[in-house]
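Engineer: Below are the structure tokens for one structure; questions will follow.
Throughout, read-outs are computed from the coordinates displayed, never taken from laboratory work. Just so you know, these numbers come straight off a predicted model, no measurement behind them. Every residue, glycine as well, gets a Cβ built from its backbone with ideal geometry; the counts of neighbours run over all protein chains shown.
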Amino acid sequence: MRRLAAGTKPCVSVISNSIRSAGSLSQRPNSNFVSFPGALKSSFTSSLKFETPDSYTALQTYRVVDQDGQIVDPSFSPDISDEAVIKLYKDMLFISIMDLIMFDAQRQGRLSFYMVSAGEEAVSVGSSSVLDREDVVFCQYREQGFFKERGFTTEQFMSQLFANKKDSGRGRNMPVHYGSKELNMHTVSSPLATQLPQASGAAYALKLQKLQDPSSKPRVAVVFFGEGAASEGDFHAALNIAATRSCPIVFICRNNGFAISTPTLDQYRGDGIASRGIGYGIDTIRVDGNDIWAVREATKKARAMALEGGGKPVLIEAMTYRVSHHSTSDDSFAYRARVEVEDWKRRDNPLTRLRKWMEAKGCWDETKEKDARTDLRKEILKAFGEAEREKKPPIATMFEDIYEELTEDLKDQKEQLRTMLEKYPEEYDVGSFDGGIDSLKAK
Ligand SMILES: Cc1ncc(C[n+]2csc(CCOP(=O)(O)OP(=O)(O)O)c2C)c(N)n1
Ligand SMILES: [Mg+2]
């Protein structure tokens, strides 16, 4: 091992250790196993046989509660109070109601774009509910339930969607690209799968931080992605670096059957995404994503595993069905049968499943359901109206946040913009922007 300079932090020795162990393999005489550097536990065989995917049965799907809300795992008992379960149910309900309202708002031309997460609410709400608030999270774009459960407010959702001056992203992103520094949630970004290597990097940073300061709080990185995003090279890079560097990270795949119009059959021929986790040497589980209890149990355990022995990656593949169109720019009935969607809505819906469970337990009924729906709808519509009326961020903010001080070029552009807007007031209505043209006046 290399000698460490005085004061060098212990993370450096971790890296040196792994270099030494990889180079110190030796062969034992007459062994049935040859420790090739690239395959450490492979025994010899004289049978010439290729492995085929068919010789493996599909990985099983873990569930706690069935489609009728009945418990199928007799060892299971809820780890939270009835009130806490109701809160999770209301978070899921909130999302499903907000989705309908905002989808319609886009159709009315009041919003440029929207994406709903119908059928997938249990994955995001369930996983959020068992993670630590300080775990660092990277979402794809269909995880509004995670934001909700972690504490994103109705006003924050609406401010982002209407890109008004209260949006912490300063109105620069497309709708549904939420983010929150306070909640340790990185901003959603459109290019698929880019969040995956970023999350592995964050997990590595968390690992090094813990090594440098052992008294610091143990934290994991958590990253969501769709099975479609898993076709990107970034997915493979992220899994491999997390595995080889033993990073504390939980990968959560929402396998909802589609990447826009591309069904999974055209996306891959292996056993889903879970089989890839194992291929990369990562502990993996497949769960029923419509069962919030299964999602909670699996995520809780995954987090604990990810923190074991200084850190390791864990992969969860949550099986769901994308009930909605991909986005407001998509009409999914052009590529799938309406009856298929109706079947999923009716037969297996995460909200209905939890509701049945709560009703059987005696903590929910029709009246409570009606009241909750009315209250949530009111709350959302109130925030909707306020956010829609709110001013947009000052025009001058478009020049900010790149350089600490405006460069001469940017100052010029700002001035040109002001001149243009003043010259053609009939063409440019700047009344909806906070401060109007005044924000462009040189300070
Ligand atoms: C690099 C890149 N390629 C293509 C797209 C266009 N695109 C946006 S979402 C999407 C489908 C992603 O499917 P999946 O990861 O399964 O997530 P889901 O929409 O099913 O939740 C595609 C192809 C993109 N945003 N970025
Ligand atoms: Mg998908």
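Engineer: What angle, in degrees between 0 and 90 and rounded to the nearest 10, separates the Cα long axis of helix 292-306 from the longest principal axis of the Cα atoms of the chain?
Structural biologist: 60 degrees
Engineer: Next question, about the same structure. Taking the highest mean first, how do the peptides 144-155, 105-116, 283-294, 71-82 order by number of other beta carbon atoms within 10 angstrom per residue?
Structural biologist: Ranked by mean Cβ neighbours within 10 Å, highest first: 283-294, 144-155, 105-116, 71-82.
Engineer: For the peptides 209-220, 267-278, 47-58, what is the packing order when you average, over each peptide's residues, the other Cβ atoms within 10 Å and list the highest mean first?
Structural biologist: Order by mean packing, descending: 267-278, 209-220, 47-58.
Engineer: At 0.36 nm per residue, and after removing the present C-alpha to C-alpha distance, how many nm does the segment from Arg172 to Ala58 gain when stretched out fully?
Structural biologist: Once the chain is fully extended between Arg172 and Ala58, it gains 36.7 nm.
Engineer: Using the Cα centre of the chain as the reference point, and only Cβ charges (+1 on K/R, -1 on D/E), how large is the resulting charge dipole? Debye, rounded to the nearest 20.
Structural biologist: Here the size comes out at about 1480 debye.
Engineer: Still on this model: Between Leu265, Leu354, Leu40, which gets the highest mean-square fluctuation from a Gaussian network model of the chain, Cα cutoff 10 Å?
Structural biologist: Leu40
Engineer: Placing +1 on the Cβ of each Lys and Arg and -1 on the Cβ of each Asp and Glu in the chain, which of His236, Leu183, Ser168 has its Cα farthest towards the positive end of the resulting dipole?
Structural biologist: After comparing all options, I get His236.
Engineer: Moving on to the next point. Nearest 10 degrees, 0 to 90: what angle lies between the long axis of helix 338-347 and the longest principal axis of the chain (Cα atoms)?
Structural biologist: With both axes taken from Cα atoms, the answer is about 70 degrees.
Engineer: In Å, the Kirkwood hydrodynamic radius of the chain over pairs of distinct alpha carbons?
Structural biologist: The answer is 24.6 Å.
Engineer: Can you spot the lysines whose alpha carbon is less than 22 Å from Lys382's alpha carbon? Ignore those fewer than 8 places along the same chain.
Structural biologist: Reachable lysines: Lys87, Lys90, Lys148, Lys165, Lys166, Lys368, Lys370, Lys391, Lys392.
Engineer: What's the FRET efficiency of Ser35 with Glu408 using the Cβ-Cβ distance as r and R₀ = 56 Å, to the nearest 0.05?
Structural biologist: Computed FRET efficiency for Ser35 and Glu408 comes out at 0.35.
Engineer: Further, regarding this structure: Using +1 on the beta carbon of Lys and Arg, -1 on that of Asp and Glu, and nothing else charged, what's the dipole of segment 395-440 about the Cα centre, debye to 20?
Structural biologist: Here the size comes out at about 140 debye.
Engineer: Now for a separate question. Return the distance in nm (one decimal) between the two label points of a simple spin-label model at Asp132 and Arg107, each offset 7 Å from Cα along Cα→Cβ.
Structural biologist: Taking the simple label geometry, Asp132 and Arg107 are separated by 4.5 nm.
Engineer: I would also like to ask the following. Restricting to DSSP loop positions (anything but H, G, I, E, B) with no more than 13 other Cβ atoms inside 10 Å of their own Cβ, which chymotrypsin sites (Phe, Trp or Tyr not before Pro) remain in segment 194-267?
Structural biologist: Counting only loop positions with at most 13 other Cβ atoms within 10 Å, none of the chymotrypsin sites (Phe, Trp or Tyr not before Pro) in segment 194-267 qualifies.
Engineer: For the Cα atoms of the chain, what angle does the longest principal axis make with the long axis of helix 233-244, in degrees from 0 to 90, nearest 10?
Structural biologist: 50 degrees
Engineer: Treat the count of other C-beta atoms within 10 Å as a stand-in for reagent exposure and order Arg347, Arg353 from fewest to most.
Structural biologist: By the 10 Å Cβ count, ascending, the order reads Arg347, Arg353.
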